[in-house]
1. Quick one: go through region 1-33 and flag any residue whose amide nitrogen is under 12 Å from the point 7 Å out along the Cα-to-Cβ line of Ile57.
2. Need one number: the % of Cα-Cα pairs in the chain sitting beyond the 15 Å mark.
3. Calculate, in nm to one decimal, what Arg38 and Ile65 gain on full extension: separation in residues at 0.36 nm each, minus their alpha carbon distance.
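Bear in mind these aren't lab numbers, they're just calculated from the coordinates by the rules spelled out. Just so it is clear, the structure is predicted and the values come from calculations on it, not from any experiment. Cβ: placed from backbone, ideal geometry, glycine included. Neighbour counts: every protein chain shown.
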Amino acid sequence: MPIMDGWEFLDEFIKLSLENKPRVYIVSSSIDNQDIERAHNNDIVKDFIIKPLSDSILVDLFKTIETEGAA
């Protein structure tokens, strides 16, 4: 992103006064444990998904989102 990185975006996004904040899935090529831990320590981040994506990862992700939406 040209103006800010994903972490800066997330920090600013959290500050918005939204009534219902969406759950965020981070998709990254980073395998750094600090990035993964930082994501999991954030209340709105649902999961940290490491690229490359596969069909099975996407299918599982969509199933999870569907299940959460039905609850």
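1. Residues passing the 12 Å test: 26-31.
2. On the way: 1513 of 2485 pairs.
When all Cα pairs of the chain are counted, 61 percent exceed 15 Å.
3. Between Arg38 and Ile65, full extension yields an extra 7.6 nm.
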